[in-house]
Structures are given as structure tokens and as C-alpha cells.
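What follows is a short report on a single structure.
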Amino acid sequence: MNDIENIEGEFTNTSGRYAIVASRFNGHIVEALINGAVDALKRHGVIDADIQLYRVPGALEIPLIAEKLAGAGQHDAIIALGAVIRGDTPHFDIVARESASGLSTSMMRHNIPISNGILTTNTIEQAVERAGTKAGNKGTEAALGAIEMISLLKKIS
Ligand code: INI
């Protein structure tokens with residue numbers, strides 16, 4: 001077991017261009033996710049000029065912009081940030097499923113990491129917990145995932 005080659009992404013060389021696509025719906029929570037993501041990128045050495053923030057109305061619109069950006073080829077990773085909260089709507093399941101599925105499709109089509117930092121929770125309290133309070137910050141996690149995947153992909157190509 002210890003003799004096997006272990007290939008994984010690193011957090012040391014973070015050169016790359018990052019696009020954040022964030023929704024305005026449930027804006028207070030999403031702003032906390034954006035702050036978490038930007039903070040994580042910058043603390044790992046990513047400079048302001050290599051981070052672009054695109055804003056869309058809601059989680060359902062995130063995949064279109066992510067797809068467009070992935071196809072344009074100007075970024076090394078895309079970080080999707082949003083908050084879908086069941087309490088808000090009967091079509092929670094559609095918004096949650098379609099936003100995640102659209103991102104996966106674009107990631108595979110364009111071979112670019114797309115970190116899914118879209119919270120899907122039953123309550124606003126659960127969303128707040130995952131946006132920088134007692135259960136971490138999903139935006140931070142998504143940014144770290146993007147850094148790691150860029151690094152790992154470089155080792156394969
Ligand atoms: N968009 C969200 O980002 N989160 C939600 O919780 C949400 N709810 O509950 O409805 C939501 N709906 C809007 C949707 O993403 C689209 O913006 C809208 O349907 C227009 O296409």
C-alpha cells in the first residue's frame with residue numbers, strides 16, 4: 001500500500017485564473033460564500049487580477065454563465081456559489097437538481113474544474129451555518145477544491 005504512487009493536487013503553486021459565478025437570490029448568504037471563496041484564493045497566493053466575479057439572478061442561471069465561461073477558455077477553474085433553501089419554494093428540488101446537473105455537464109464537456117459551492121439546505125439556519133459560521137464555509141471549500149483540481153489536472157496533462 002505505501003509503495004503505490006500517490007498523485008494529488010497541491011496548494012503551493014496556485015497560478016491560474018479563477019471565475020466565480022454567484023447568484024443574488026438569498027444574497028446575504030451568498031455574499032458570505034463569496035467572501036469565503038475570495039479569502040481562500042487570496043490566502044493561497046491568487047492575485048486580484050486573476051479572479052473575476054460574475055453575478056446572476058438565481059442558482060438556475062449559474063450553469064449558463066459557467067458554460068459560457070468554460071467554453072471561452074479564459075479561466076482555469078470556475079467556482080459556482082449560490083444558496084437554494086427549501087423553505088423558500090416548492091420548486092426547491094428543480095432548482096437544486098438543475099443547477100448541479102448543469103455544472104457537471106459543462107465540467108465534463110469543457111474539461112475544466114467547476115466547483116459546486118451552491119448550498120442546498122432545508123432551512124435558512126442550515127444555510128447560515130454553512131456560510132461561515134459553525135459548519136464552515138461552502139465558498140471556501142469550493143475555492144480550495146478549484147485550486148486542488150487545477151493542480152491535479154496539470155500533473156496529468
Ligand atoms: N434561486 C436560488 O438561487 N435559490 C433559491 O432558493 C431559489 N428558490 O427558492 O426559488 C431560487 N429561485 C430562483 C431561480 O434560481 C431563478 O433565478 C428563477 O427561477 C428565474 O429563472
**Item:** Of the criteria (1) part of a helix (DSSP H, G or I); (2) more than 17 Å from the chain's Cα centre (by Cα); (3) away from the ligand (no atom under 16 Å from the Cβ), which one residue 10 fails
**Value:** (1)
**Item:** When residues of region 104-125 are limited to those that are touching a residue at least 40 places away in the same chain (Cβ under 8 Å) and closer than 16 Å to residue 25 by Cβ, the one farthest from the ligand (Cβ to nearest atom)
**Value:** 117
**Message:** Out of the residues in region 72-88 meeting the condition of being among the small types (Gly, Ala, Ser) and within 11 Å of the ligand (Cβ to nearest atom), tell me which one is modelled with the lowest pLDDT.
**Reply:** 87
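Conditions tested, residue by residue: (1) surrounded by fewer than 18 Cβ atoms within 10 Å (Cβ to Cβ); (2) under 18 Å from residue 112 (Cβ atoms).
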| residue | (1), (2) |
| --- | --- |
| 29 | no, no |
| 34 | no, no |
| 47 | yes, no |
| 67 | no, yes |
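Within region 55-71, can one find any residue that is part of a loop (DSSP other than H, G, I, E, B), without any contact (Cβ under 8 Å) to a residue 60 or more places away in the chain and within 16 Å of the ligand (Cβ to nearest atom)?
yes
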**Asked** Within region 120-136, is even one residue surrounded by 16 or more Cβ atoms within 10 Å (Cβ to Cβ) and under 12 Å from the mean Cα position of the chain (by Cα)?
**Response** no
**Message:** Looking at (1) out of contact with any Lys or Arg (no Cβ under 7 Å at 6 or more places or on another chain); (2) of a type outside the set (Val, Ile, Thr); (3) surrounded by 13 or more Cβ atoms within 10 Å (Cβ to Cβ); (4) touching a residue at least 40 places away in the same chain (Cβ under 8 Å), which one does residue 8 not meet, given that it meets all the others?
**Reply:** (3)
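The values are calculated or read from the model by the stated rules, or taken from the named source; none is laboratory data. All of these numbers come straight from a predicted model, not from anything done at the bench. Counting neighbours? That spans all protein chains shown, and the Cβs are built from the backbone with ideal geometry, glycine included.
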